[in-house]
Amino acid sequence: MQTVLGATGQIAIELTRELGRTFTQDIRLVSRNPHKINAFDSLVSANLLDASQTAKAVEGSSIVYFTAGLPPDTQLWEIQFPVMLKNALDAARASKAKFVYFDNTYMYPQDDRVLTEDAPFEPVGRKGQVRAKMASMVLQEMQRGDIPVVIGRAPEFYGPDKTQSITNSLVIDKIKAGKPPRIPVRDDTLRTLIWTPDASRSLAVLGNSPDTYGQTWHLPCDDDRLTYKQFVALASEIAGIQASYKVLGKWTLTAVGLISKQVRELHELLPRYEHHNLFDSSKYKQRFPDFKLTTYREGLTDLLGTRSSR
């Protein structure tokens, strides 16, 4: 049985679809209020902050995927995320299950260097420190060697449905609503974005490939990186509009953050938009050369229109 912890987010939903489509029909979905993605899914309601509930939810699993998320609230992250992860690791170890950890890049340096799986942890801000602590917990479990552990790490998302990201909220959602996009900090730095269904599909592949365990993998992204200026131009072409955009400078975002908690919670991420984001996923592509990536043109066509040829 393959169990997905934190089963209601976009990554978990697409992961569950891929597991059912390609790997198994013995799937358990765990969250406070889980719902079926496939007709054959089994559901377990559990609070991952409760060790006993988590252990019971994981019992009997062969593979456990940790895809749990929290709202962008720094204090909530500091208090809850490490506890949730510890409970999940303890439960997987007790059940002798493989553990697949879905990670992000908050702990990485926010500068122009190429980010490979060997990039150091140099977190900027409290959320980055939380994610560095969590990644270190998983690496320690990997080194312990009691159970097989693998990390799949993704850069910023863009994608359909429940996908939450700055690119979705400030660019794609604005264009959908007929409003001018807003670009954080600069429009001329290269961005590496991952299409959320690709992130989920590639995570499922990692979990079901025995030779991937004991390692960190950057999940595969389109290497034809775009600046936000180019991204908006492509999105406008696909949507059949002429979208003008506005760059929101750091001072503007800082000022807005004084009255908006949502913007304030994103403030520590702003340095990453001052620099090229060069997330390298060549290791994954070399191991899985047949994995079909979604290009930016294909992804934006899916979201915005049909003018583009695939």
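The values are calculated or read from the model by the stated rules, or taken from the named source; none is laboratory data. A quick note: this is a predicted structure, and the numbers were derived from the prediction, not measured. Positions of Cβ are generated from backbone atoms using ideal geometry, with glycine treated the same way; all protein chains shown enter the neighbour counts.
Details
- Where Ile166 falls short, out of the listed (1) in the same structural domain as Ile238 (by TED's automatic domain parsing); (2) of a type outside the set (Gly, Ala, Ser); (3) over 19 Å from the mean Cα position of the chain (by Cα): (3)
Yes or no, residue by residue, for (1) over 12 Å from Thr3 (Cβ atoms); (2) assigned to a loop (DSSP other than H, G, I, E, B); (3) touching a Gly at 6+ places or on another chain (Cβ under 9 Å):
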position: His35; (1), (2), (3): yes, yes, no
position: Val44; (1), (2), (3): no, no, no
position: Gln53; (1), (2), (3): yes, no, no
position: Gly60; (1), (2), (3): no, yes, no
position: Tyr65; (1), (2), (3): no, no, yes
position: Glu78; (1), (2), (3): yes, no, no
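- Given (1) modelled with pLDDT of 80 or more; (2) outside the structural domain of Val100 (by TED's automatic domain parsing); (3) assigned to a loop (DSSP other than H, G, I, E, B), index of the condition Ser309 fails: (1)
- Any hit, region 32-50, residues being touching a residue at least 40 places away in the same chain (Cβ under 8 Å) and within 19 Å of Met134 (Cβ to Cβ): yes
- Cβ-Cβ under 7 Å pairs, at least 6 apart or on other chains, region 169-181 side part of a loop (DSSP other than H, G, I, E, B), far side modelled with pLDDT of 90 or more and basic (Lys, Arg): Pro180/Lys174; Pro180/Lys246; Pro181/Lys174
- Applying the condition of being out of contact with any Asp or Glu (no Cβ under 6 Å at 6 or more places or on another chain), β-branched (Val, Ile, Thr) and within 16 Å of Asn208 (Cβ to Cβ) to region 12-52 and asking which residue is surrounded by the most Cβ atoms within 10 Å (Cβ to Cβ) yields Thr16.
Per-residue answers, yes or no, for (1) of a type outside the set (A, V, I, L, M); (2) surrounded by 17 or more Cβ atoms within 10 Å (Cβ to Cβ); (3) not assigned by TED's automatic domain parsing to the domain that holds Pro210:
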site	(1), (2), (3)
Lys98	yes, yes, no
Tyr106	yes, yes, no
Arg113	yes, no, no
Asp118	yes, no, no
Gln140	yes, no, no
Gln143	yes, no, no
Ile147	no, yes, no
Ile151	no, yes, no
